[in-house]
There are 2 protein chains.
Amino acid sequence: MEYGRLNERLIAELEAIVGSENASTRAEDLLCGSYEAVPLMEYKPDLILAPRTAEQVSRILLLANRHRIPVTPRGAGTSLAGNSLPVAGGICLDMSSMKAVLGFDGANQSIAVEPGVVCDTLNDYLAGRGFFFPPDPASSPAATIGGMVANNSGGNRALKYGVTRDHVLWLEAVLPTGEIIRTGSNTLKSVSGYDLTRLLIGSEGTLAVITKVGLKVMPLPEARAVSLYIFEGVEEAVRTAVEIKSSGILPSMLEFMDEPSTRASFEYAKMDCPEGCAVLVECDGRSGAVEREAELIHRIAMGRRPKFFERASSPEEAERLISARKAALPALSRIAPTIFMEDFTVPVAKIPEACARIASIPDGLGAPIGISTFGHIGEGNLHPNFLFDGRDPEQRRAFRKALDILYRDVVIPLGGSITGEHGVGLSRGDYMELEHGGKAVRLMRELKRVFDPNMILNPYKAKGGPWPPPLRGIGGAH
Amino acid sequence: MEYGRLNERLIAELEAIVGSENASTRAEDLLCGSYEAVPLMEYKPDLILAPRTAEQVSRILLLANRHRIPVTPRGAGTSLAGNSLPVAGGICLDMSSMKAVLGFDGANQSIAVEPGVVCDTLNDYLAGRGFFFPPDPASSPAATIGGMVANNSGGNRALKYGVTRDHVLWLEAVLPTGEIIRTGSNTLKSVSGYDLTRLLIGSEGTLAVITKVGLKVMPLPEARAVSLYIFEGVEEAVRTAVEIKSSGILPSMLEFMDEPSTRASFEYAKMDCPEGCAVLVECDGRSGAVEREAELIHRIAMGRRPKFFERASSPEEAERLISARKAALPALSRIAPTIFMEDFTVPVAKIPEACARIASIPDGLGAPIGISTFGHIGEGNLHPNFLFDGRDPEQRRAFRKALDILYRDVVIPLGGSITGEHGVGLSRGDYMELEHGGKAVRLMRELKRVFDPNMILNPYKAKGGPWPPPLRGIGGAH
């Protein structure tokens, strides 16, 4: 498929839809739309448009579809797999200006928002009303709800509360052909028709542009207890986590950091803790019950002889322990010029084996690639971070080889998934068939065609686009 | 579209796939496949096949697809909207023989089962291991997991624990064209590719035949507290429920019965309680915390001056209170020859208005149609039951009119969904466009075509089939 090109007349028409103050072709603005939180990937759009209404999005898509212009929706650009990069150029659809909170309904425990609302902003709004929106990615100070829906974001609380998918009631979305649809229902249950809502969730902006989101919210827990345990080896840390999960307790966080991660994080967060394999546990709920659960967890953890532990005795201490875990990525970023944060899941019992196999990946690479792993151990969702110097072509090649080993020889053979919460993006397209088989991937491509017959929406992305880009996308865009 | 017809040669070929002991064309067997829990609907299949493996299902579908023979999968036949009735004849695919528990993984909190496993049987198996599968339809002693997945069943515990959709990790399914696919991942998080799992969940056997299910299970709660409050009017009952939900408590059940329902249920269950508008609340979780929540709920409820209350002081008493609610349908069935149990949701705050409007429906019908309502008030999911004599054509017509008023004049104007947990089936196809708009319904039909180009799977059902059948199905089957 050949994409069309923007010319001056078309740009003027598109600018007129959003108003010239919400459109730009200036080099510095295009640069801002050309990268995201992932390194070594940069693709420049030809035009940035910041629509304010679903109606404007519809008119943009109608025109883009007629002229076969690629359109890539973008939230805060915090994605970690190239999910919002305009690989084929065209229009960067900056959704961050649509950021109104549209309506909160306490009895229904629901709220309607525009997609540009930032996660932490939403939670500040809800906290004043006694509620919260549980999904909690480390990027929550910047990540938008629209981006979280498009990527089906997880975060630290997914073990107990589930992921973004579990908290979306309905969506308003614009199809690439310009039609505005509404999916789902503003009620806690609905089984009316195929689940278009969840087909859009996690579709990474390849099926439709989300213009409104109806979310389910939850009552804020009354109390929480946070504790940190540091073990000598991975095995003890994982066994502790498994034993906690098997005890009848459902922690709100059950997090893991390996030795290099703790070393970097504790130094970064100025915490006086020894390096090692850390397990961070949070329980929340009713006071009394939470303290009892924390006590039970403490007994389980102490049975595995940690070399260090700390139990938060105030909300501030709890926050400090959690922030050390949240700081793992920025902390590691100081160690090497380039850091790629990968994202996979395996069944929980396979974590020790996954960790052991990952530790041996650098051996055969022929270039100095460091690996440091942290993640959401309770869900079997780990983030191995590859540390190297991306300016060196040798190291880049070695990193590609390391990725291949990770997904082909570790994740898939252990029965895992190639992405737990970051999405397929540009990084993981090569491994889709490996995980799902050819027929399921072909089915996904046919579904894409139903929504987007001209393949204009976020091309080369998510479901079948090989790596490295630019490359063939879903359904044969070249 | 014209369907093909089974002839003797084809029947012999199909029988050979499953073995003659698992196939039947005997009148008494065909009769068993011709009805389900819904009254006034009966459609006879031409052949019943009970496959034992996905491979057999694949070979059956391959042959049926080649000859355009309709195939309708069936679990226990407990559905309430004609979901498993073979409207176009053809093959009834009885999945109840595939009932093996395939593997439980405590650390991963997951279990794999075949689709014919019965819900209560699964929970008996899990209880011995300290876990449970939360979805809890009133039909749980008979309902199969495959049927629950196909209908995205809810039940009493959905307010706290969600519906079937929220507990499925992966599926093995056979496409109408015979290919076997595997969707999702045996891990608690995965965002790899479009969410085929949730596209199949709730698709009512119209997209694929489910042959294996991977479920997420949860630790059994330590304690529970159950109490029953009976109020004079609907308004007090609903306000009590809303206030409980707004208090920061998330009950595991928050159920409602109106006056006719309590009258029938309490008599049926031989309970010495006054009739009225009942609110049944269950909290579960840690002991101590549960008692405190029950106390808070009690204070809220007493503030609305119930005319009666009972707080269970033993697990047996708790079970007795819950069973009175679960018995509402059989209890009402004794009142009239025909009972149609409808199923809708509205935002919680709209429940009093919905109840008031429903109460006035019989006024203009010109025939004696009784209405009695119970349901899952915490989720805004109500079941108005229409009581009449289906042998009388006059009353049947009046019932059709009542349905129209319910969905067109009550549910949709109040921002609700035409089905919370029973599915579209044959009953609600007429109202799909009203809820979703024409474009979304057309999109659903196009998705159906991607999976089932010859429309052989459960024709006339779920997403676009008008009522009453036989009628045009999705994508134009006649």
Going through (1) of a type in the set (Asp, Glu); (2) crowded, with 21+ Cβ neighbours inside 10 Å; (3) farther than 30 Å from B:Arg5 by Cα one by one, B:Asp94 fails only at (3)
Among the residues of the stretch A:106-130, write down those that are within 12 Å of another protein chain (Cβ to nearest Cβ), surrounded by fewer than 24 Cβ atoms within 10 Å (Cβ to Cβ) and in contact (Cβ under 8 Å) with a residue 12 or more places away in the chain.
A:Gly106, A:Gln109, A:Ser110, A:Ala112, A:Arg129, A:Gly130
Whichever residue in the stretch B:386-410 is of a type in the set (A, V, I, L, M) and touching a Leu at 6+ places or on another chain (Cβ under 9 Å) and, among such residues, is farthest from B:Glu342 (Cα to Cα)
B:Ala398
For A:Ser227, work out the one condition from (1) under 30 Å from A:Gly128 (Cβ atoms); (2) of a type in the set (Ser, Thr, Tyr); (3) within 24 Å of the chain's Cα centre (by Cα) it doesn't fulfil.
(3)
(1) touching a strand residue (DSSP E or B) at 6+ places or on another chain (Cβ under 9 Å); (2) on the phi > 0 side of the Ramachandran plot: which one isn't true of B:Ser192, the others all being true?
(2)
Across (1) surrounded by fewer than 23 Cβ atoms within 10 Å (Cβ to Cβ); (2) in contact with a strand residue (DSSP E or B) (Cβ under 7 Å, 6 or more places away or on another chain); (3) not hydrophobic (A, V, I, L, M, F, W, C), A:Thr197 clears everything bar (1)
Are any residues in the stretch A:174-183 more than 10 Å from chain B (Cβ to nearest Cβ) and aliphatic (A, V, I, L, M), and if so, which ones?
A:Val174
Strands (runs of 3 or more DSSP E) completely within the stretch B:23-129 that count 1 or more residues being under 18 Å from B:Val168 (Cβ atoms) and modelled with pLDDT under 95:
B:101-105
List, please: which pairs have Cβ atoms under 6 Å, are six or more places apart or on different chains, and start with a residue in the stretch B:66-84 that is charged (D, E, K, R) and end with one that is buried (at least 24 other Cβ atoms within 10 Å of the Cβ) and part of a loop (DSSP other than H, G, I, E, B)?
B:Arg74/B:Ser84
Answer yes or no: is there a residue in the stretch A:336-343 that is modelled with pLDDT of 90 or more and either loosely packed, with under 15 Cβ neighbours inside 10 Å or touching a Cys at 6+ places or on another chain (Cβ under 8 Å) (or both).
yes
Would you confirm, using the coordinates I've provided, whether B:Pro221 is more than 30 Å from A:Met432 (Cα to Cα), assigned to a loop (DSSP other than H, G, I, E, B), within 14 Å of chain A (Cβ to nearest Cβ) and of a type outside the set (Lys, Arg)?
yes
Give the stretch B:1-22 a look and list any residue that's outside any helix (DSSP H, G or I), modelled with pLDDT of 95 or more and of a type outside the set (S, T, N, Q), or say none.
B:Leu6, B:Gly19
Go through the stretch B:344-357 residue by residue and tally those that are among the aliphatic types (A, V, I, L, M) and crowded, with 23+ Cβ neighbours inside 10 Å.
4
Just to be sure, is B:Thr78 among the polar types (S, T, N, Q) and in contact with a Cys (Cβ under 8 Å, 6 or more places away or on another chain)?
no
B:Leu159 passes all but one of (1) within 16 Å of A:Leu443 (Cβ to Cβ); (2) not in a loop (DSSP other than H, G, I, E, B); which number fails?
(1)
Suppose the filter is outside any loop (DSSP other than H, G, I, E, B), basic (Lys, Arg) and facing chain B (nearest Cβ under 7 Å); does A:Arg198 pass it?
yes
Pick from the stretch B:133-171 the residues that are within 11 Å of another protein chain (Cβ to nearest Cβ) and farther than 21 Å from A:Leu188 by Cα: which of them is surrounded by the fewest Cβ atoms within 10 Å (Cβ to Cβ)?
B:Trp170
Counting only helices (runs of 4 or more DSSP H) entirely within the stretch B:247-331, those with at least 1 residues that are away from chain A (no Cβ under 14 Å), surrounded by 22 or more Cβ atoms within 10 Å (Cβ to Cβ) and among the charged types (D, E, K, R) are B:315-326
What are the pairs with Cβ atoms under 8 angstrom where one residue, in the stretch A:292-308, is in contact (Cβ under 8 Å) with a residue 40 or more places away in the chain and the other, located anywhere, is of a type in the set (D, E, K, R) and part of a strand (DSSP E or B)? Sequence gap at least six, or different chains.
A:Ala294/A:Arg311; A:His298/A:Arg311
Exactly one of these conditions fails for A:Asn186: (1) part of a loop (DSSP other than H, G, I, E, B); (2) at the interface with chain B (Cβ under 8 Å from one of its Cβ atoms); (3) buried (at least 24 other Cβ atoms within 10 Å of the Cβ). Give me its number.
(3)
Of the candidates A:Ser203, A:Ser227, the one satisfying the condition of being hydroxyl-bearing (Ser, Thr, Tyr), in contact (Cβ under 8 Å) with a residue 60 or more places away in the chain and more than 9 Å from chain B (Cβ to nearest Cβ) is A:Ser227
So which of A:Arg52, A:Arg74, A:Arg9 is surrounded by fewer than 19 Cβ atoms within 10 Å (Cβ to Cβ) and within 28 Å of the chain's Cα centre (by Cα)?
A:Arg52
Meets criteria (at pLDDT below 95, surrounded by fewer than 21 Cβ atoms within 10 Å (Cβ to Cβ), away from chain A (no Cβ under 14 Å) and not in a strand (DSSP E or B)) for B:Glu236
no
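The values are calculated or read from the model by the stated rules, or taken from the named source; none is laboratory data. Values in this document were obtained by computation on a predicted structure and should not be read as measured data. Positions of Cβ are backbone-derived with ideal geometry, glycine not excepted, and every protein chain shown enters the neighbour counts.
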